[in-house]
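Below: one structure, written as structure tokens.
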Amino acid sequence: MRVAVIGSGPAGIYTADALTRQSREAVAVDILDRLPTPYGLVRYGVAPDHLKIKSVARTLRAVLEHPQVRFIGGVEYGRHVTRADLARSYHAIVYATGASVDRRMGIPGEDLPGSVAATDFVNWYCGHPDTEVERFLLDAEEVAVIGAGNVAVDVVRILAKSADELRHTDIPQPVLDALAASKVRRIHLLARRGPLQAKFTAPELRDLGALDNADITVRSEQLDIDPNGEEMLGAARAARTNLKILQEWAERTPEGRPRRIDLRFWVRPVAVTGEERVTGLRVEETEFDAEGRLTGAGNVDTLGVGMVFRSIGYVGVPLAGVPFDEATRTVPNTEGRVHDSTGAVVPGDYVAGWIKRGATGVIGTNKSDAAATVRSLLDDAPQLRAASSGLIPIEQALEGSGATVTDYGDWLTIDAAEAERAALLGRGERVKLLGWEEFYGALGR
Ligand code: NAP
């Protein structure tokens with residue numbers, strides 16, 4: 001069987017892994033990616049200072065080097081190849097394109113210069129080739145980060161660390177220089193609900209509390225738990241652990257470190273203010289109403305921030321020719337089998353990862369998620385094989401598509417160029433090349 005996987009992030013690579021580890025069908029897998037670099041969110045989402053999480057790339061690398069797997073880079077689904085092209089070359093297509101755009105707050109002033117999506121900021125410090133190095137000038141002394149998830153924590157940590165603390169990471173040198181010039185001194189981290197409802201996980205919170213370059217504050221009265229909360233705490237170990245960490249923070253006295261993080265619960269953004277750029281963020285205190293719904297408690301104040309980072313979740317983007325659910329911003333599916341809004345299955349189409357289940361879970365979650373999709377695909381294999389005969393090589397569709405196609409060897413060339421740059425600069429194991437020109441320059445194209 002020939003299977004195309006669209007996207008070489010963890011979901012796509014774990015899909016290829018599951019396809020090559022089974023013995024029910026002999027499968028050849030092509031993993032297509034719009035970038036010449038594999039690993040998706042591991043390379044462009046996991047924070048550069050989270051070296052341990054990033055090391056999962058070593059496991060993913062073994063999959064790309066499997067003899068039944070090919071990496072085809074530089075090919076964008078919907079631009080260089082269509083679903084119809086792929087259907088002529090493969091028995092099945094697994095879309096593993098993730099959730100690459102930000103959720104919006106829907107408040108006035110959201111589009112003012114200085115009000116930005118965490119997704120953009122993450123892309124920038126991860127050196128994604130689509131972002132310009134000049135995209136971020138961190139010239140505000142006071143900033144706000146909105147959201148109580150792990151991405152918000154990543155953003156706060158990168159803003160709070162000194163450039164020296166980030167030197168050993170793979171952050172592209174011009175971005176590191178921009179971070180070194182950052183004027184940020186005070187970071188407000190704002191959560192619209194309470195400590196028990198926050199989505200942060202304990203290891204990420206601990207990292208934040210262990211920063212040398214920043215004090216962290218939270219007011220102890222914000223951590224008071226009502227009887228409903230007590231009941232909830234009994235069952236929720238993760239929330240209990242978080243609360244313990246937060247209680248320890250509440251007892252700290254700021255030590256005059258270069259930066260300061262103020263974590264505030266029960267507050268929601270109502271407007272980003274400013275004329276030509278952000279000069280403030282209006283926030284309102286919140287509470288739960290009698291039905292347990294979050295509601296405004298009326299107290300409104302304005303934080304004098306010069307930048308606002310919204311980190312309120314990622315959502316998927318529709319794929320040409322594939323059903324899409326606008327409400328969940330995912331591809332409708334049952335156990336990975338794509339179906340349309342009437343429930344009719346689209347034969348040969350499957351999904352894995354965030355485009356399948358939404359932007360939740362950690363990298364490892366994608367392993368079992370991909371395995372479930374592959375089980376469905378293998379169950380359908382006899383029908384899929386019967387439905388497609390006389391497949392033509394994908395190379396035929398790619399010829400004249402305008403794609404600058406790259407392979408795994410090309411990635412190894414980029415990989416080596418990044419290691420060389422790190423050695424030259426006296427930094428860690430890798431310093432990322434920045435932008436398409438540098439990629440193609442390294443490849444001599
Ligand atoms: P997330 O965990 O879903 O957190 C989003 C946060 O935004 C929630 O606190 C949510 O609050 C809040 N929010 C949503 N809409 C809002 C609004 N209109 N106004 C104010 N707040 C709003 O998403 P994420 O942080 O983007 O992370 C995505 C996934 O990646 C998660 O599974 C995360 O654990 C994972 N991740 C893991 C790591 C790691 O393991 N180190 C690092 C980064 C990301 P409500 O709960 O009230 O909706």
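The values are calculated or read from the model by the stated rules, or taken from the named source; none is laboratory data. These numbers come from a predicted model, not from an experiment. We place every Cβ from the backbone using ideal geometry, glycine too, and count neighbours over all the protein chains shown. The accessibility values were calculated without ligands, DNA or RNA, using every heavy atom of the protein model including side chains. Shrake-Rupley method; radii C 1.70, N 1.55, O 1.52, S 1.80 Å.
Points worth noting:
- Only a single criterion out of (1) more than 14 Å from the chain's Cα centre (by Cα); (2) assigned to a loop (DSSP other than H, G, I, E, B); (3) within 16 Å of the ligand (Cβ to nearest atom) is not satisfied by residue 356, namely (2).
- Checking every residue in the stretch 285-302 against the condition of being open to solvent by less than 40 Å² (accessible area, probe 1.4 Å) and touching a helix residue (DSSP H, G or I) at 6+ places or on another chain (Cβ under 8 Å) gives zero matches.
- Single residue of the stretch 393-423 satisfying the filter (open to solvent by 30 Å² or more (accessible area, probe 1.4 Å) and touching a Gly at 6+ places or on another chain (Cβ under 9 Å)) that is farthest from residue 57 (Cα to Cα): 404
- Subset of the stretch 265-295 [within 13 Å of the ligand (Cβ to nearest atom), in a strand (DSSP E or B) and of a type outside the set (D, E, K, R)]: 267, 269, 270, 271, 272, 281, 283, 286, 288, 294, 295
- Flag if residue 89 is among the polar types (S, T, N, Q), more than 23 Å from residue 314 (Cβ to Cβ) and open to solvent by 10 Å² or more (accessible area, probe 1.4 Å): no
- Residue, nearest to the ligand (Cβ to nearest atom), within the stretch 22-32, restricted to residues that are under 23 Å from residue 394 (Cβ atoms) and open to solvent by 20 Å² or more (accessible area, probe 1.4 Å): 22
- Test: residue in the stretch 44-60 that is of a type in the set (Phe, Trp, Tyr), out of contact with any His (no Cβ under 7 Å at 6 or more places or on another chain), within 16 Å of the ligand (Cβ to nearest atom) and open to solvent by less than 20 Å² (accessible area, probe 1.4 Å): no
- Residue-level check: of (1) open to solvent by 10 Å² or more (accessible area, probe 1.4 Å); (2) within 19 Å of residue 304 (Cβ to Cβ), residue 159 misses just (1).
- Test: residue in the stretch 74-85 that is in contact (Cβ under 8 Å) with a residue 12 or more places away in the chain, of a type in the set (A, V, I, L, M), surrounded by fewer than 23 Cβ atoms within 10 Å (Cβ to Cβ) and within 16 Å of the ligand (Cβ to nearest atom): no
- Within the stretch 364-379, the presence of a residue that is away from the ligand (no atom under 16 Å from the Cβ), in contact (Cβ under 8 Å) with a residue 24 or more places away in the chain and of a type in the set (Asp, Glu) is excluded.
- Only listed residue being over 25 Å from the mean Cα position of the chain (by Cα) and buried (at least 17 other Cβ atoms within 10 Å of the Cβ), chosen from 274, 313: 274
- For residue 315, the conditions (1) at pLDDT below 95; (2) within 15 Å of the ligand (Cβ to nearest atom) are fulfilled apart from (1).
- Lone qualifier among 167, 157 - being under 24 Å from residue 51 (Cα atoms) and more than 21 Å from the chain's Cα centre (by Cα): 167
- Test for residue 40: is it over 24 Å from residue 372 (Cα atoms) and either crowded, with 22+ Cβ neighbours inside 10 Å or in contact (Cβ under 8 Å) with a residue 24 or more places away in the chain (or both): no
- Qualifying residue in the stretch 187-201 (condition: at pLDDT 95 or above, of a type in the set (D, E, K, R) and more than 16 Å from the ligand (Cβ to nearest atom)): no
- Residue that is in contact (Cβ under 8 Å) with a residue 12 or more places away in the chain, open to solvent by less than 60 Å² (accessible area, probe 1.4 Å) and either within 16 Å of the ligand (Cβ to nearest atom) or at positive phi (or both), where the choices are 426, 336, 321, 343: 336
- Selection of the stretch 296-325 for residues being part of a strand (DSSP E or B), closer than 15 Å to residue 117 by Cα and touching a Ser or Thr at 6+ places or on another chain (Cβ under 8 Å) yields 307, 308, 310, 314.
- Residues satisfying the stated conditions in the stretch 140-156, i.e. open to solvent by less than 20 Å² (accessible area, probe 1.4 Å) and away from the ligand (no atom under 16 Å from the Cβ): 140
- From the list 234, 256, the one residue that fits, being more than 16 Å from the ligand (Cβ to nearest atom), surrounded by fewer than 18 Cβ atoms within 10 Å (Cβ to Cβ), at positive phi and of a type outside the set (Phe, Trp, Tyr), is 256.
- The one condition from (1) open to solvent by 50 Å² or more (accessible area, probe 1.4 Å); (2) under 17 Å from the mean Cα position of the chain (by Cα) that residue 96 does not meet is (1).
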